[in-house]
Amino acid sequence: MDELTEKLQVLQSWIDESRSIVFFGGAGVSTESGIPDFRSVDGLYHQQYDYPPETILSRTFFDQNTAEFYRFYRSKMLCTTAQPNAAHKKLAQLEQAGRLRSVVTQNIDGLHQAAGSKRVWELHGSVLRNYCMHCGASYPADAIQNSQGVPKCTACGGIIKPDVVLYEESLDSHTLQEALNDIEQADMLIIGGTSLAVYPAASLIHYYRGRRLVLINKSPTPYDDHADLVLAGPIGRLLDQIQVHPI
């Protein structure tokens, strides 16, 4: 039996013994759905633009260069045709089976909900929600995708902004607190598809008090030495091998 198979057996046994798992995920969860991540070799941070992506995705840039923000956003951030992959589906099954308490995600693509997950804390918001900055009217992602230049509210003419947390903006306090509460109460924390390099989201790991910390990622993270179990590889392929046994 190889090392990975042994680790998967450990993961399976821990999941079978758990009643309140929390999954904390990042961009790597959605790469198998065709959505690029930010920090891998092929990610957005390694492509060339007139401005670095982290500059474009800042609130200052949005306010001062709104048209350029939207040109990048439509091209690289909106992916309305993406479908949930094996990781999203397995997590939804674990929730339905009564083993997973919630998903805490840094992703903004809505794929966890599309797979059937109900309790999802979106730390960085969602591209599926957009609102007029003047009157607060709501708009779906298609309204942004199908618009030209700076999307404007049909009711009042105000600028529409995606409900995503840009650099320089604070995380939603309610979402953050609920995520922290769930992590504190978890009997198992699975962290997947994240380099744990984005703060303050990455600091949530410090709120976990349990003894079963699992890291699943293609590349090493700064917290590998602190984990009880580390699996290297595509998270969808690995989680797809887990059997879901209802409580």
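The values are calculated or read from the model by the stated rules, or taken from the named source; none is laboratory data. Here the structure is a predicted model, which is why all the values come from computation and not from measurement. FYI the Cβ positions are ideal-geometry reconstructions off the backbone, even for glycines, and counts take in every protein chain you see. These accessible areas exclude ligands, DNA and RNA; they are computed on the full protein's heavy atoms, side chains included. Shrake-Rupley method; radii C 1.70, N 1.55, O 1.52, S 1.80 Å.
Details
- Some residue of the range 36-58 being part of a helix (DSSP H, G or I) and at pLDDT 95 or above: no
- Of the residues making up the range 212-233, those that are touching a strand residue (DSSP E or B) at 6+ places or on another chain (Cβ under 9 Å), of a type outside the set (A, V, I, L, M, F, W, C) and open to solvent by 30 Å² or more (accessible area, probe 1.4 Å) number 7.
- Given (1) over 30 Å from D16 (Cα atoms); (2) hydrophobic (A, V, I, L, M, F, W, C); (3) in contact (Cβ under 8 Å) with a residue 40 or more places away in the chain; (4) touching a Phe, Trp or Tyr at 6+ places or on another chain (Cβ under 9 Å), index of the condition V104 fails: (1)
- For beta carbons closer than 7 Å, sequence separation of 6+ or different chains, a first residue in the range 42-59 that is closer than 13 Å to M77 by Cα and open to solvent by 20 Å² or more (accessible area, probe 1.4 Å) and a second that is modelled with pLDDT under 90 and part of a helix (DSSP H, G or I), the qualifying pairs are Y45/P53.
- Every residue from the range 74-95 that is in contact with an Asp or Glu (Cβ under 8 Å, 6 or more places away or on another chain), closer than 30 Å to G149 by Cβ and open to solvent by less than 30 Å² (accessible area, probe 1.4 Å): A82
- Tally, over the range 2-35, of residues that are farther than 20 Å from S195 by Cβ, in a loop (DSSP other than H, G, I, E, B) and open to solvent by less than 50 Å² (accessible area, probe 1.4 Å): 2
- Single residue of the range 62-73 satisfying the filter (in contact (Cβ under 8 Å) with a residue 60 or more places away in the chain and of a type in the set (F, W, Y)) that is surrounded by the fewest Cβ atoms within 10 Å (Cβ to Cβ): Y73
- Any chance N130 is of a type in the set (S, T, N, Q), open to solvent by less than 10 Å² (accessible area, probe 1.4 Å) and within 18 Å of the chain's Cα centre (by Cα): yes
- Identity of the residue in the range 151-186, over 22 Å from the mean Cα position of the chain (by Cα), exposed (fewer than 14 other Cβ atoms within 10 Å of the Cβ) and of a type outside the set (S, T, N, Q), that ends up nearest to T66 (Cα to Cα): G157
- Only one of the numbered conditions (1) open to solvent by 30 Å² or more (accessible area, probe 1.4 Å); (2) more than 22 Å from T5 (Cα to Cα) is not met by Q243, and that is (2).
- Residues of the range 190-247 that are small (G, A, S) and either under 20 Å from K90 (Cβ atoms) or at pLDDT 90 or above (or both): G192, G193, G210, S219, A227, A232, G233, G236.
- All positions within the range 97-120 that are closer than 20 Å to H174 by Cβ, open to solvent by less than 40 Å² (accessible area, probe 1.4 Å) and either of a type in the set (A, V, I, L, M, F, W, C) or not in a helix (DSSP H, G or I) (or both): S102, V103, V104, T105, Q106, N107, I108, G110, S117, V120
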